[in-house]
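The values are calculated or read from the model by the stated rules, or taken from the named source; none is laboratory data. Keep in mind that this is a model prediction, so the values were computed, not measured. Positions of Cβ are generated from backbone atoms using ideal geometry, with glycine treated the same way; all protein chains shown enter the neighbour counts. Accessible surface is based on the protein model in full, side chains and every heavy atom, while ligands, DNA and RNA are left aside. Shrake-Rupley method; radii C 1.70, N 1.55, O 1.52, S 1.80 Å.
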Amino acid sequence: MIRTLLASAALAATACACAPAGTAAPDSGKASAELPAEATGFITSNLAEVDPAAAPGEVARDEAGRPFGYALLGQPLPHLTGTLADGTPYDSASIDKWTVIDVWGIWCGDCMRDAPYVAALVSAINQDPDLDFLSIHVPANANRLTPEELYGKYGSVPAYFAEKGYAYPTLLDTDTSIREAMRIAWTPSYLLVSPEGIVKGFRSDLSAAEGEPVKDFIKDIARVRGESKKASLDFPVFASGKAGRLESGLSFTLQAVSAAFPGKTIISTHADMPGGTVPVFEVRDETGTLLTLTPDWTLGRVERITTSSPWVAGPRGERVGQAHLADFPDIKPSDCTGGVPETVTSLVCSDPEDVRFLRVFGPGEPGAAPDLLTDMTYAYPAPREQVPTE
């Protein structure tokens, strides 16, 4: 039965370019000699530089027009709301597990060629309770919004699914607002989004890839999840107001710190702090220094823990070098130490929910206003008997 369904989906392919209509023709000269011949692989970092201010079509492409990068890779998924094909409302704030997002259109021939692979992909994802799937049906551009241009002979997404004999959650973009917010430069596009809402991976056509595209994609997803689990679960230091598993009374000794971070290398060194040089412990692994612990010598315990490593997640899933000040709408620059962004090189901002947790933002590029997350720090509270009462 499933083979019949997949075969019929493959036969539905139509000849149509799936880059946004109206964009410039692909310029294969933009792709350097170091890039693969085809942009069909799974990427976790852009193979070619993507200008965040560029239009969706202005990225390096292969000869078929597929992009070598995705503008939002490593950044938070934009907040998406709308209506699913079955009429139920959708809000991307509901994402709480690893999610594969398929951006496609019935009007798109490459998407129709991918249809049998998507059906198999959804079947595989449904076997994993910690993995979810979302389909987003988008227009080619803002000038092609009639039902005929969007859905062809089917007239609607539900009618398409009814003929194919399968269905999956599909968010409908009827005016390109979702496509534009997501900076989609090619359909089909597949995104891997973390439970924290960060775009961790991107790929284009499954049908154009070599090997076993669905199995290979599932393996790629597992690899990224494994790497993220290693980075996040091994170091839940900033996961809550209590700074993860480290208690406020942790002794500032090599033995105590080593016990708190089993399997990690603990280095005793010194760091320059306001007022002079102080001893610190650094928690390291093969990626480098993950955490720096500074002491409260009056109590002989850890007072402060800091990270500038992209491998350590903050309480909202943010990571150094990836998150921006704009990702925290409840944090006002005017409330941060340093003043307004236009006049300083860094901002130190307390978290509104826990003032002991600090985020430091610096310029993302020379001469720019401080916007990029560069450090995170948690200062442990004083023992209860030392906390002033009102």
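Annotations for the structure displayed:
- Candidate residues LEU206, LEU47: accessible-area rank, largest first, probe 1.4 Å: LEU47, LEU206
- At R0 = 30 Å, FRET efficiency that the Cβ-Cβ distance of SER94 and THR146 yields, to 0.05: 0.45
- For the set GLU353, GLU227, GLU365, the ranking by accessible area, highest first and with no ligand, DNA or RNA atoms included, is GLU353, GLU365, GLU227 under a 1.4 Å probe.
- Accessible surface, 1.4 Å probe, highest first, among residues ILE136, ILE266: ILE266, ILE136
- Euclidean distance of C-alpha centroids, the stretch 82-117 and the stretch 279-294, integer Å: 41
- Ordering TYR90, ILE106, SER123 by the projection of their Cα atoms onto the charge dipole of the stretch 90-131, which places +1 on the Cβ of Lys and Arg and -1 on the Cβ of Asp and Glu, puts ILE106 at the extreme positive end.
- Cα-projected label distance for THR174 with ASP86, points at 7 Å along beta-carbon direction, nm: 2.0
- Cβ-Cβ FRET estimate between ILE267 and ALA167, R0 fixed at 41 Å, reported to 0.05: 0.15
- Net charge, GLY211 excluded, C-beta distance under 12 Å - Lys, Arg +1, Asp, Glu -1: -2
- Residue separation of HIS324 and ASP128 scaled by 0.36 nm, minus their Cα-Cα distance, works out to 67.4 nm of gained length.
- Note on GLU212 and ALA37: the extension gain reaches 61.2 nm, defined as 0.36 nm multiplied by sequence separation minus the Cα-Cα distance.
- Taking 0.36 nm per residue of separation and subtracting the current Cα-Cα distance, fully stretching the chain between GLN255 and ASP296 would add 13.1 nm.
- Of LYS219/LYS264; LYS264/LYS332; LYS97/LYS153, those spanning more than 31 Å from alpha-carbon to alpha-carbon: LYS264/LYS332; LYS97/LYS153
- Shape analysis of the stretch 91-141 places it in the oblate category; the axes a ≥ b ≥ c from the Cα gyration tensor give an a/c of at least 1.5, with a/b not above b/c.
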